[in-house]
Structure formats: C-alpha cells, structure tokens
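Peer 1: What follows is a structure written as structure tokens; I'll ask about it next.
The values are calculated or read from the model by the stated rules, or taken from the named source; none is laboratory data. From a predicted model like this one, the values you see are computed outputs, not experimental measurements. Cβ placement follows ideal geometry from the backbone for every residue including glycine, while neighbour counts extend to all protein chains displayed. Surface areas here come from the heavy atoms of the whole protein model, side chains and all, with no ligands, DNA or RNA. Shrake-Rupley method; radii C 1.70, N 1.55, O 1.52, S 1.80 Å.
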Amino acid sequence: MDTGLQLKNEAAGLTYRLDQVSMILGRTSPGYPVDPGFVHVDHDTVSRRHAQLQWVEGAYQLTNLSTTNPIRINGVEVERCLLKAGDQLQLGECLLQLVSTRVQIQPRPPLSLILGSRKVSVYGFTVALGGSGGAKESWYDQEIELAAALPPQCLCLAWKEISGRYELSYHGAGRPPVQIIRRKGELEWLALLPADRPGGLRPGDRVRVGEVEFELTGDC
C-alpha cells in the first residue's frame, strides 16, 4: 500500500514508512511480539502501544492508546484526529513529523512583464524574450519582443512546476551582462545571471540586459 506518507524523527535521524491500513506507534522490548504494522519509536516517554493510525478515506486517523503519556498534534493535546502532511506529532517527549513522499506540483501564478509604459501578460510556460527579426525557434509557446538592440529570442523565461518558480536563461553568442535585481525591505539585492545555468525569478524582480530593463509583476 502506497500512502505517500512517512514519519520522520529528525532528532534520531530515522524515517518510518507508513504503508499499512492499520498501524501502531509505540515502544516495545526486543523480541516482544508486535503487529506487522508496528512502528517502533524508541523513546523512554513513549508507551508500548502509544497510538493507532487507521487509513480512512485517504488520510490517517490517529487515536491515542496511552493512558499515561499524552499525544500532541502541532502543540495541541488530542485523543483522536485526522492527520495531514506537515503535522507534528509529539508522543510523550518524542517529536515526529508527517511528511509527503510525493512531488507537490505548484500552480503557475499570474505574471506580467513591464517594459517602460508597456505591460504584457505572461501566459506561456516557456517564453522567448529578445529583439525582433532573425532566425527563431518555434518551440516557445509565447514570444515577447523587448528591444531591437537585443538578439531575437536571446532570453528564455520558463516555468518549473517542481520548484514552483520561473527561471531565466540566456542563449546565443555575444552575451551582455544579465542582472537580476530584487528588493528586500529598504535594500536592493543584485546578482549576475550565471552563464552556465538559469537563475530563479519571482514577481517584483527587475532584470537588466545590457541597457534594457524590465520588471516582473504578479498583477495581470
């Protein structure tokens, strides 16, 4: 059974796989007979059969089995509750975290590009930016012309679902300096786009390519 969930004990450096419909969390002595779904949590403040996990309609329901040691979920003492990825489980003084083993796909946020007085909505997942004319690749799903001084399609703005961000890269010869400018409070942080890999962007960032500058905004 693949539930896509694990329990992590950061302090002990241990990970417990959750792959049974019904599982018991607890501490037991070596050689003591246990259920197939028993998760051995070795801590003095954990009861021998401290809690039960029961798979109910796509989530684990936790039930406290201990009469002496409490269970807290995200700091709140409970007797029974449904768990979700990210929850912190405290059994006695042992802290565990429920984590998902599945890749979480981030939805693409709205984005616009501002160049002077011009504002263009970014709808493509792979967007070519640059000048006009010249030989062009057709595999981009959107093209935005920035300035005639730039080579055509010299920049690629691509949405990466797994990392949940836009990434910018430069293509072609005669590469001018590409700067990413990000404001943090009252300060501005500036970085050069690496020549060998893309750089991450987010709404509010400004990009300067030679003498051309544009801004990304989440307002469409």
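Peer 1: With θ set to phi - 60°, apply the Karplus curve 6.51 cos²θ - 1.76 cosθ + 1.60 along the range 153-163 and write out the HN-Hα couplings as whole Hz, x wherever there is a Gly or Pro.
Peer 2: 6, 7, 10, 10, 10, 10, 8, 10, 5, 5, 7
Peer 1: Per residue, what accessible area does the range 27-97 have, given a 1.4 Å probe and all protein chains present, in Å²?
Peer 2: Numbers: 4160 Å² over 71 residues.
Each residue of the range 27-97 exposes 59 Å² on average to a 1.4 Å probe.
Peer 1: Another one. Residue-wise, which Karplus ³J(HN,Hα) couplings in Hz belong to the range 198-215, taking 6.51 cos²θ - 1.76 cosθ + 1.60, θ = phi - 60°, and x for glycine or proline?
Peer 2: x, x, x, 10, 8, x, x, 6, 10, 10, 10, 10, x, 9, 9, 10, 9, 10
Peer 1: Highest mean first, how do 79-91, 38-50, 189-201 rank when packing is the count of other Cβ atoms within 10 Å averaged over residues? Before the final figure, lay out each step's value.
Peer 2: Values: 79-91: 15.4, 38-50: 17.5, 189-201: 12.8.
Ranked by mean Cβ neighbours within 10 Å, highest first: 38-50, 79-91, 189-201.
Peer 1: Starting from the Cα-Cα distance between LEU95 and ARG175, subtract it from 0.36 nm times their residue separation and give me the gain in nm to one decimal.
Peer 2: Taking LEU95 through ARG175 to full extension adds about 23.7 nm, to one decimal.
Peer 1: Largest first and in whole Å, what are the equivalent-ellipsoid semi-axes of the range 167-210 based on the Cα gyration tensor, each being the root of 5 times an eigenvalue? Intermediate values should be presented prior to the final figure.
Peer 2: Details: eigenvalues 86, 22, 12 Å².
Calculated on Cα positions only, the semi-axes equal 21, 10, 8 Å.
Peer 1: Using only the alpha-carbon atoms of the chain, report the extent along each of the three principal axes, biggest first, to the nearest angstrom.
Peer 2: 76, 40, 31
Peer 1: For MET1, tell me the accessible area in Å² from a 1.4 Å probe, rounded to the nearest 10.
Peer 2: Solvent-accessible area, nearest 10 Å²: 100 Å².
Peer 1: Using r as the Cβ-Cβ distance of SER22 and ILE114, and R0 as 41 Å, what FRET efficiency do you calculate, to the nearest 0.05? Mind showing how you got there, number by number?
Peer 2: On the way: r = 56 Å, r/R0 = 1.36.
Working from the Cβ atoms, E equals 0.15.
Peer 1: For the chain, what number of Lys pairs, 8 or more residues apart or on separate chains, have alpha-carbon atoms under 27 Å from each other? Kindly include the intermediate steps, with their values, before the conclusion.
Peer 2: Numbers: LYS8/LYS84; LYS84/LYS160; LYS119/LYS136; LYS119/LYS160; LYS119/LYS184; LYS136/LYS160; LYS160/LYS184.
Taking the Cα cut-off of 27 Å, the pair count is 7.
Peer 1: Once amide H atoms are placed 1.01 Å from N in the peptide plane, what residues at a sequence separation of 5 or more from ILE71, or on another chain, have their amide H within under 5 Å of its amide H?
Peer 2: VAL78
Peer 1: Ok, one more. Considering amide H positions built from the backbone, and no H for Pro or chain starts, which residues 5 or more places from VAL178, or on another chain, come under 5 Å of its amide H?
Peer 2: Excluding prolines and chain starts, which carry no amide H, the hits are LEU193.
Peer 1: Let me ask another. I need the calculated FRET efficiency for the pair LYS84 and LYS160, taking r as the beta carbon distance and R₀ as 25 Å, to the nearest 0.05. Mind dumping the intermediate values first?
Peer 2: Values: r = 25 Å, r/R0 = 1.01.
So the FRET efficiency works out to roughly 0.50.
Peer 1: Starting from the Cα-Cα distance between ARG208 and ALA195, subtract it from 0.36 nm times their residue separation and give me the gain in nm to one decimal. Before the final figure, lay out the partial values.
Peer 2: Details: separation 13, 0.36 × 13 = 4.68 nm, distance 1.48 nm.
Extra length from ARG208 to ALA195 when fully extended: 3.2 nm.
Peer 1: While we're on this one: Using r as the Cβ-Cβ distance of ARG183 and ASP141, and R0 as 30 Å, what FRET efficiency do you calculate, to the nearest 0.05? Don't skip to the answer; put the middle values down first.
Peer 2: On the way: r = 30 Å, r/R0 = 0.98.
Between ARG183 and ASP141 the formula returns 0.50.
Peer 1: Could you report the range 162-220's accessible area per residue, 1.4 Å probe, as an integer in Å²? Kindly include the intermediate steps, with their values, before the conclusion.
Peer 2: On the way: 3560 Å² over 59 residues.
It amounts to 60 Å² per residue over the range 162-220.
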